[in-house]
Every structure is written in C-alpha cells, then in structure tokens.
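Just so it is clear, none of the values below were taken in a lab; they were calculated from the coordinates. Keep in mind the model is a prediction, meaning the values are calculated, not measured. Note that each Cβ is placed from the backbone with ideal geometry, even for glycine, and that neighbours are counted across all protein chains shown.
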C-alpha cells in the first residue's frame, strides 16, 4: 500500500484520474502519485490542471489539451504515444473522466488496441448528491445533462417512464427551465433533491417536490455552481 507521495513505476497505458470538484483535499494519494509519475497528462482544461499540479508541487509535467472539440484528433495521437511505451493520465476539468466529460473516444481506441487501462476511484458529484437526496439509492439511473433542444422532451419522458431514481446534471443557467420542463412532464408533486457546489464552502442541498425546489430557487437573485438534480421514481 502506498502511504506517502512517492516515485512509482507506471506501466505504459491510460490512467483515468479523478480530480477535485471543489475541495482540493478530496484528491486521493493514488491520483497524486499517478499525476507525478506519468509521462503525459491529457487535460480537459490545461489551466485548471496546471493550477492543481502547482498546488501539489508537481512540476515539469508534459501537459496536452484534450476536450470535446479536439477529442477525435487527439485520441489517435495519444494512443500512438502509449504504444511507444508512454503512460498517459486523462483528467477532466473537475471530477471523473468520461462521466459527462471527454474520454469516450480514447477509451474505445485503448480497448481496440488492448492497451493497459486503469480507472482510479475518486471525486464525482453524482454519488454525494445521491446520498444527500434522501431518495432510494438501491436502484438508480444516471442521465447526464439534458439536451439543449433536440430530443429534450423525449429525454424527460424517459425519466417519467423509468420508475427508478433518476440523476441529472445541469448548469445554473439552465436549471430553472429544466425544472419547469420536468414539472410539465412529471407533475408538481414528484419528489426530488437539488445539490449544488458539492464539496465547496457554499454547498447546499434542497429537498421536496419539484415545485418546492423551483419556488426556493425563484427566491434567489443568482444561482451559482454546477447542479445535480435527483428525482424520485414513481
């Protein structure tokens, strides 16, 4: 067991490394050791990644951008580096790679090439929000972000038709519209919880019906922080 920050030897391969979603203390020792010892870090936001590395005094790392718009181009390049013997850590701007974040394409290529892959456990908004909701957790479905326009109604109808707890991500700029759409399709009285700013100073969880939560948000002058909405099944 690794008990301290240290030099370790990594196999050539792809390492999916979770990063804090708020509190920097949430990063794991294993994640830090992979970031310190890997050959290349592929980051959704290189500025955020550099700040994290500097905070933990991980310096002189090869950092390359990897985000939605360049994922198709970057993935084959990174796979080629791994096949040459390099170890690559993939990090999101915050949270766990691939979960509503870039990484699907490189994962598919890594599997096709029989490359060594490790997914490190760690920070995510999904599980804390589910725990804080007070709703059933023995069976749930994660839906990610609602589509902006096309297939939006179908997205919410799928939640209605699925009888188990649903988890949805949303931005603070769209949450009011999303709640109104949910109320229209699921009704005022569907139980839910809304968590925002998870692991940060102003973390907050609201519980009640969809209508209750909408009314609480309407009292606020501004809404900040990424949001996780947990919706009860019927």
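Filter region 5-27 for residues that are in contact (Cβ under 8 Å) with a residue 12 or more places away in the chain and in a helix (DSSP H, G or I); which is nearest to residue 108 (Cα to Cα)? Walk me through it before giving the result.
First, the residues of region 5-27 that are in contact (Cβ under 8 Å) with a residue 12 or more places away in the chain: 5-24, 26-27.
Remaining after also requiring in a helix (DSSP H, G or I): 24, 26.
Working: 24: 30, 26: 28 Å.
Per the stated criteria, the residue is 26.
Checking the condition surrounded by fewer than 18 Cβ atoms within 10 Å (Cβ to Cβ) and either in contact with a helix residue (DSSP H, G or I) (Cβ under 6 Å, 6 or more places away or on another chain) or assigned to a loop (DSSP other than H, G, I, E, B) (or both), which residue from 97, 172 passes? Even if it seems obvious, please write down each step before you answer.
Working: 97 fails: surrounded by fewer than 18 Cβ atoms within 10 Å (Cβ to Cβ).
Sole residue among the options that is surrounded by fewer than 18 Cβ atoms within 10 Å (Cβ to Cβ) and either in contact with a helix residue (DSSP H, G or I) (Cβ under 6 Å, 6 or more places away or on another chain) or assigned to a loop (DSSP other than H, G, I, E, B) (or both): 172.
Here's a check for you: in region 134-161, which residue that is in contact with a helix residue (DSSP H, G or I) (Cβ under 7 Å, 6 or more places away or on another chain) and assigned to a loop (DSSP other than H, G, I, E, B) is surrounded by the most Cβ atoms within 10 Å (Cβ to Cβ)?
146
So which strands (runs of 3 or more DSSP E) are wholly in region 182-234 and hold at least 1 residues that are free of Cβ contacts under 8 Å to residues at least 24 places away in the same chain and under 13 Å from residue 128 (Cβ atoms)? If you could, list the steps in order and put the result at the bottom.
Values: elements: 191-196, 204-209, 227-231.
Ranges flagged: 204-209.
Give the residues of region 28-56 that are assigned to a loop (DSSP other than H, G, I, E, B) and in contact with a helix residue (DSSP H, G or I) (Cβ under 9 Å, 6 or more places away or on another chain), sorted by residue number.
Start the filter on region 28-56 by keeping residues that are assigned to a loop (DSSP other than H, G, I, E, B), which leaves 28, 38-39, 44-45, 56.
Scanning region 28-56 gives 39, 44, 56.
What's the total number of residues in region 100-130 that are under 25 Å from residue 230 (Cα atoms), without any contact (Cβ under 8 Å) to a residue 60 or more places away in the chain and either in a loop (DSSP other than H, G, I, E, B) or touching a helix residue (DSSP H, G or I) at 6+ places or on another chain (Cβ under 6 Å) (or both)?
Counting residues in region 100-130 that are under 25 Å from residue 230 (Cα atoms), without any contact (Cβ under 8 Å) to a residue 60 or more places away in the chain and either in a loop (DSSP other than H, G, I, E, B) or touching a helix residue (DSSP H, G or I) at 6+ places or on another chain (Cβ under 6 Å) (or both) gives 2.
Taking the condition closer than 17 Å to residue 8 by Cβ and either more than 19 Å from the chain's Cα centre (by Cα) or not in a strand (DSSP E or B) (or both), does residue 78 pass?
Numbers: closer than 17 Å to residue 8 by Cβ: no; either more than 19 Å from the chain's Cα centre (by Cα) or not in a strand (DSSP E or B) (or both): yes.
Criteria not met by residue 78.
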